[in-house]
Amino acid sequence: MDNIIEIAITDENDLYEKYNKKYVSSSLINYILEETKNINNNGKIKIIISSTLKESIDYESLIKEGLEKEYKINLRRYNRNKYLKLFYLALGIIFLILSFLLKNTVIFSEILLIGGWVLIWEVIELQIFTDFEDNIKRKILKKLISSLIIENR
C-alpha cells in the first residue's frame, strides 16, 4: 500500500527559499518530514504536488535535492557528534582519574569528580536523545529520496 503525502503549492514562496530561488523551502522539507511521521512505515511513499504556478518547474529534482541536502546536514551532525562523544568520554575519564589521584585536595577532587560524571552523562545523553532521533530522521530521508513524486495540475 502506498502512503501519500499531498502538497498544494499556490505561491512561489511555498516552494522556494525566501532569499534564494535555486533551493526548495526548508519549511516545505520540514512539512514533508512531519507528514512522514504520520504514515505507515511499511509501504512506499508517494508525494503528490498540486501546483497553481504557471511556470514549468521540475518539482521532483528540486524536492529531492532539498531532501538530499537535509540528509547530508543530518549526517554531518551525526559524524560531529561521534567525535564529540569520544572527546567528552576521554575527558570525563581523565577527570575521574585525576579526582581519585588528588584525594588530598577535597574541593578540587570533588569538582573534578562532578565534572567527570557530567561529561560522561553528556555522552549518554547525546547517544540516547540526539543520535537516536537523527538515525530515525536519516531512515525517513532515505525513504523520501527514493519516493515517487507526481505533479498534478
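We did not get these values from a lab; they are worked out from the coordinates using the rules stated. Since the structure is predicted, the reported quantities are computational estimates derived from the model, not experimental observations. Glycine also receives a Cβ, built like all others from the backbone with ideal geometry; neighbour counts cover every protein chain displayed.
Quick check on packing: order 22-34, 60-72 by the mean number of other C-beta atoms within 10 Å, highest mean leading. Display every interim value, and only then the final one.
Working: 22-34: 15.2, 60-72: 17.3.
Averaged packing, sorted descending, gives the order 60-72, 22-34.
When +1 charges are put on Lys and Arg Cβ atoms and -1 charges on Asp and Glu Cβ atoms, the dipole computed for the chain relative to its Cα centre reaches about 560 debye.
Go ahead and estimate [θ] at 222 nm for the chain from helices alone: -39,500 (n - 2.57) per DSSP H run with n ≥ 4, summed, over the residue count, rounded to 500.
It lands at -20500 deg cm²/dmol.
Axis of helix 26-37 versus longest Cα principal axis of the chain: the two differ by about 80°, to the nearest ten degrees.
Pairs exceeding a 26 Å alpha-carbon distance, out of 22/82; 18/44; 82/143; 22/85; 82/103: 22/82; 18/44; 22/85; 82/103. Under a model in which nothing but the beta-carbon of Lys, Arg (+1) and Asp, Glu (-1) is charged, region 48-88 shows a dipole of about 520 debye around its Cα centre.
How high is the relative contact order of the chain? Use alpha-carbon pairs under 8 Å, at least six apart in sequence, and give a whole percent.
Values: 170 pairs, mean separation 48.6, N = 153.
Reported as a whole number, the value is 32 percent.
From the coordinates of this entry, P(r) over Cα pairs in 10 Å bins from 0, in percent is computed, and it appears in [x] 9, 32, 29, 20, 8, 2, 0; [y] 10, 29, 22, 15, 12, 9, 4, 0; [z] 10, 33, 31, 16, 5, 3, 2, 0, 0 under the label [y]. Taken along the Cα-to-beta-carbon direction at a fixed 7 Å, the label points for residue 14 and residue 44 span 2.5 nm. Between 58, 14, 131, the Gaussian network model of the chain with springs among Cα atoms under 10 angstrom shows the greatest mean-square fluctuation at 58. Projecting the Cα atoms of 87, 15, 66 onto the charge dipole of region 3-152, computed from C-beta unit charges around the Cα centre, puts 87 farthest toward the positive end.
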